[in-house]
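Beneath this line is the structure, given in structure tokens, with notes to follow.
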Amino acid sequence: MPSQALSSDSLSTDRQTLVAQRAPATPLDDMDSIVATYEQRIFRFHLVSIRDRDVAQTLTQDTFVRAWSARSSFRGDCSISTWLMRIALNLVRDHTRTDRFKFWKKVSDTAVDVSDISAHVPHRDSSLESRLIASEQMALVWESVAQLSERQRSIFLLRFLEELELSEIASITGLPISTVKTHLYRDLATIRARHNATLKDSL
């Protein structure tokens, strides 16, 4: 994501200092460091979820603004990364449920092609499914991901794009781990079936 600092009106140093004097210290008081550490990850999640670079940038900024506003509610029962991802997921849900934008269906001038997403996918030597996403068949995989339900798609992205643990996904989504496992099983079954069918048709 291009360097895009949060607006001075939102998070100015003077304002942070004044608020800090009124409220107990929290791990999120140093928002500049939080943004520097997690901005790319949050942007990537928004970009792949929304597939619109401008909207992804806006939602990324909104994520940190909300985190700053709600920092006193952070209890440390999860990692900062998990807490931020929960905010990011809620923003994606809010955005995709409005009448102004139908998820994965509206084509705009700023829409990101699925092949362009590859630049933001971490290339890690990990699970077979994660390597599949980063492979030459990536466009096919993401076309299949687009057909998943909103909940299944979010869980898939959190697991195989962000490579989060099942417990983290459960914390972010508010779902039991057993439900997360069920959605992941269905996600992979659906994507593999479409992937294999397309490969057979191409032979």
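Nothing in this text is a laboratory measurement; each read-out follows from the coordinates by a stated rule. Everything quoted here is computed from the prediction, not taken from an experiment.
What are the ³J(HN,Hα) values, in whole Hz, obtained from phi via the Karplus relation 6.51 cos²θ - 1.76 cosθ + 1.60 with θ = phi - 60°, for each residue of segment 80-93 in sequence order, with x given for Gly and Pro?
Coupling constants for segment 80-93: 4, 4, 5, 5, 5, 5, 5, 5, 4, 5, 4, 5, 4, 4 Hz.
Can you give me the long-range amide H partners of Asp52? Hydrogens built in the peptide plane at 1.01 Å from N, cutoff under 5 Å, separation of 5 or more residues or another chain.
The list, which skips near neighbours in sequence, is Val112.
Can you run the Rg to Rh ratio on segment 28-87? Use alpha carbon positions and the Kirkwood inverse-distance Rh.
Over the Cα atoms of segment 28-87, Rg/Rh equals 0.96.
Counting only residues 5 or more places away or on other chains, whose amide H sits under 5 Å from the amide H of Leu164 once H atoms are built in the peptide plane?
Arg159
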